[in-house]
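Trainee: Here it is: the structure, laid out below.
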Amino acid sequence: MRSRRRPTGPARVVFAAVVAWLALLLVVPLGALALSVAGSFSAVVAALTSAEALHAIGLSVGVAAVCIVANGIFGVAGALVLVRQRFAGRRLLDALVELPLALSPVMTGLAFLLVFGRNGLLHPALDAVGLQVAFAWPAVLLATLFVTLPFTLREVALVLEELGDSEEQAAATLGATGWQTFWRVTLPNLRSGLVIGTTLTSARALGEFGAVLVVGGGIANRTQTATTFIHSAIEERQEPAAYGMALLLASVAVALLFVLQRDRE
Amino acid sequence: MNHGPPGRLGTLALRGGVTAWVTALVAVPVLVLAWRGIAEGPAAFWAAISDPAAVDALWLSGWTAAVAAVLNAIAGTALAWVLVRWDVPGRRAIGALVDLPLAIPTLVAGVLIIALFGPQTPIGHWLVGIGFPVAFAKPGIFLALLFVTLPFGVRAVEPVLEELDPAEEEASYTLGATPFYTLTRVLLPPLFPAIAAGAVQTFARSVAEFGSLAAVSGNIPHRTLVAPVYVLGEVEAGNPAGAAAVSLVLLAIALTLQPLGAALARRAGARRA
């Protein structure tokens, strides 16, 4: 790494401005949230241990766990297809994988509502078999799967591109079957991409709000997640509940960030 | 070349499985959304997007996103320059802080701003008193947008700046150029595609931003109601067709900006943008 000098002259001014900017945007608001939670600590504890809050946390964690596993499998499979295979429609598939990053979460929720909701495309069929998706947990899961789709795949694809296929060729030359090569050579090499992708997936899954609000409805004890819990607490002017859950999610985010920083190095 | 597990059949099965998953999870819902936006004919579509509240919401989203993109381009370039060029105290902490908005849920970003500037806080109370409310007003919208897009400006510029030789800046300086001349003639020109890529990404994210704005903007029609929150309002008011029509406008913006941002990032030579 190139050696860096201590800032001099105009660099000092820029440094001071940059620090002030980060303080205003990030540090001071986080401090204000922490202070206000500390100021009403017993009310916060009571709010976060209520049945509603525990159900919301449970649903968020459960949905995030399913997303991590599903995206782990899909991420490796999708990266193998997009990086290693050449076929008509590959660019379209690539663009579709990136699409969830470009959509507003509300649009994602609305899209699923138009498929599964009342008057939705699949509603008659689902109704006939007695399955409710919209405003039930499957909708929360589907919306979260949609918004987390690109993360693991992108990180695994980056690793796969750098890796090349010489190790796999060597394994094949030495007589390994396709599966043996995959389990013993390819997959272990993808570990770092999987860890970073899983971290990003967890952060996004736990933090998703707009999509799960629209298609899940944020119904207490049913489809309410940690974020929609905050939303309804704000609307009901229950600050300890809103601030407490927000600080909990922010703390998880900081912890995930540590994992991310460690693995990027 | 076939490397997928095992053999030709495996390759096809893997491709088929991945395509089916992406089609079911992404392509079908988005196509249904697009269809519902135009299904009732061009007149209904036009009526939905020319509703005064919709026009105001789209306009507000557009111009606040443009201002955020410019501000974030300046802040991001300054941050990247400090992080890459100088040995400043707390460099690693600053680097971690820059990534924080990637991990913090967007709704929580909104709550953070309310916790500091909300009318119930001393600062918020004082700001309302002097006629400059931040929460539930436009300054809150900017703070939220700049919070959630902070990493984009920095991370777009950083890798390109790493590749630039600081000797050029120093030479310009040693030869007697002013800091302003060095900045505008030596430092910025090669960084321009990267800065533009970050700005496009910031704009795209800002137009789509929902969670933080739903919390801080106050959602007053014609004044602080942004397009994504307007879409939510139409859904809740039982007008999914109108919501889908405005969503189509946002989708068109997103689909225009994505290739533009990607092309700029390629020109900048940044590996991750």
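The values are calculated or read from the model by the stated rules, or taken from the named source; none is laboratory data. Note that this is a predicted model, so its numbers are computed, not measured. Positions of Cβ are generated from backbone atoms using ideal geometry, with glycine treated the same way; all protein chains shown enter the neighbour counts.
Trainee: Take the residues in region A:102-147 that are among the small types (Gly, Ala, Ser) and not in a helix (DSSP H, G or I); name whichever of them is farthest from the chain's Cα centre (by Cα).
Mentor: Restricting to residues being among the small types (Gly, Ala, Ser) and not in a helix (DSSP H, G or I), the top hit is A:GLY130.
Trainee: Another question, if that's okay. Hey, B:THR224 hits all of (1) more than 30 Å from A:GLY9 (Cα to Cα); (2) in a helix (DSSP H, G or I); (3) polar (S, T, N, Q) but one; which does it fall short on?
Mentor: (2)
Trainee: The conditions are (1) farther than 28 Å from A:LEU260 by Cβ; (2) touching a helix residue (DSSP H, G or I) at 6+ places or on another chain (Cβ under 6 Å); (3) of a type in the set (S, T, N, Q); (4) in a helix (DSSP H, G or I), and A:THR228 fails exactly one of them. Which is it?
Mentor: In the conditions (1) farther than 28 Å from A:LEU260 by Cβ; (2) touching a helix residue (DSSP H, G or I) at 6+ places or on another chain (Cβ under 6 Å); (3) of a type in the set (S, T, N, Q); (4) in a helix (DSSP H, G or I), A:THR228 misses (1) alone.
Here's the yes/no breakdown for (1) within 9 Å of chain B (Cβ to nearest Cβ); (2) farther than 19 Å from B:ALA103 by Cβ; (3) surrounded by 21 or more Cβ atoms within 10 Å (Cβ to Cβ); (4) within 22 Å of the chain's Cα centre (by Cα):
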position	(1), (2), (3), (4)
A:GLU167	no, yes, no, no
A:THR173	no, yes, no, no
A:TRP179	yes, yes, no, no
A:THR186	yes, yes, yes, no
A:ARG191	no, yes, no, yes
A:THR198	no, no, yes, yes
A:VAL214	yes, yes, yes, yes
A:THR227	yes, no, yes, yes
A:ILE230	yes, no, yes, yes
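Trainee: Right, next: Among all residue pairs at least 6 apart or on different chains, which show Cβ distances below 9 Å where the first residue, located in region B:110-129, is among the polar types (S, T, N, Q) and the second is assigned to a helix (DSSP H, G or I)?
Mentor: B:GLN120/A:GLU239; B:GLN120/B:ILE114; B:THR121/A:ALA32; B:THR121/A:SER36; B:THR121/B:ILE114; B:THR121/B:ALA115
Here is a yes/no grid of residues against (1) at negative phi; (2) surrounded by fewer than 23 Cβ atoms within 10 Å (Cβ to Cβ); (3) modelled with pLDDT of 95 or more; (4) touching a Phe, Trp or Tyr at 6+ places or on another chain (Cβ under 6 Å):
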{"residue": "B:LEU187", "(1), (2), (3), (4)": "yes, yes, no, no"}
{"residue": "B:PRO193", "(1), (2), (3), (4)": "yes, yes, no, no"}
{"residue": "B:SER206", "(1), (2), (3), (4)": "yes, no, yes, no"}
{"residue": "B:SER217", "(1), (2), (3), (4)": "yes, no, no, no"}
{"residue": "B:ILE220", "(1), (2), (3), (4)": "yes, yes, no, no"}
{"residue": "B:VAL226", "(1), (2), (3), (4)": "yes, no, yes, no"}
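Trainee: How many residues does region A:233-244 contain that are under 17 Å from B:GLY211 (Cα atoms) and in contact with a Ser or Thr (Cβ under 8 Å, 6 or more places away or on another chain)?
Mentor: So the answer is 1.
Trainee: Got at least one residue in region A:198-218 being in contact (Cβ under 8 Å) with a residue 40 or more places away in the chain, out of contact with any helix residue (DSSP H, G or I) (no Cβ under 8 Å at 6 or more places or on another chain) and more than 27 Å from A:LEU257 (Cα to Cα)?
Mentor: yes
Trainee: Another question about this same structure. Given B:ALA13, B:ALA48, which one is in the same structural domain as B:ALA245 (by TED's automatic domain parsing), of a type outside the set (Val, Ile, Thr) and more than 17 Å from A:LEU122 (Cα to Cα)?
Mentor: B:ALA48
Trainee: Hey, does region A:251-262 have a residue that's at pLDDT 90 or above and farther than 27 Å from B:VAL98 by Cα?
Mentor: Among the residues of region A:251-262, not one is at pLDDT 90 or above and farther than 27 Å from B:VAL98 by Cα, which makes the answer no.
Trainee: Moving on to the next point. Hey, among the residues in region A:67-96 that are in contact with a Lys or Arg (Cβ under 8 Å, 6 or more places away or on another chain) and either surrounded by fewer than 19 Cβ atoms within 10 Å (Cβ to Cβ) or facing another protein chain (nearest Cβ under 7 Å) (or both), which one's nearest to A:LEU141 (Cα to Cα)?
Mentor: Checking each candidate, the answer is A:VAL81.
Trainee: Looking at B:ALA93, B:ALA78, B:ALA24, B:ALA43 in this structure, which one is free of Cβ contacts under 8 Å to residues at least 60 places away in the same chain, more than 7 Å from chain A (Cβ to nearest Cβ) and farther than 26 Å from A:MET107 by Cα?
Mentor: Only one candidate passes the filter, namely B:ALA93.
Trainee: Name the residue that is farthest from the other protein chains (Cβ to nearest Cβ), counting only residues in region B:99-123 that are not in a helix (DSSP H, G or I) and not aliphatic (A, V, I, L, M).
Mentor: Result: B:PRO119.
Trainee: Filter region A:25-49 for residues that are part of a helix (DSSP H, G or I), over 25 Å from the mean Cα position of the chain (by Cα) and not aliphatic (A, V, I, L, M) and give the result.
Mentor: A:SER36, A:GLY39, A:PHE41, A:SER42
Trainee: Against the condition modelled with pLDDT under 85 and either in contact with a Leu (Cβ under 8 Å, 6 or more places away or on another chain) or not in a helix (DSSP H, G or I) (or both), how does B:GLY176 come out, does it pass?
Mentor: So B:GLY176 fits the description; yes.
Trainee: Next question. Among the numbered conditions (1) in a helix (DSSP H, G or I); (2) more than 11 Å from chain B (Cβ to nearest Cβ), tell me where A:ARG222 comes up short.
Mentor: Unmet for A:ARG222, out of (1) in a helix (DSSP H, G or I); (2) more than 11 Å from chain B (Cβ to nearest Cβ): (1).
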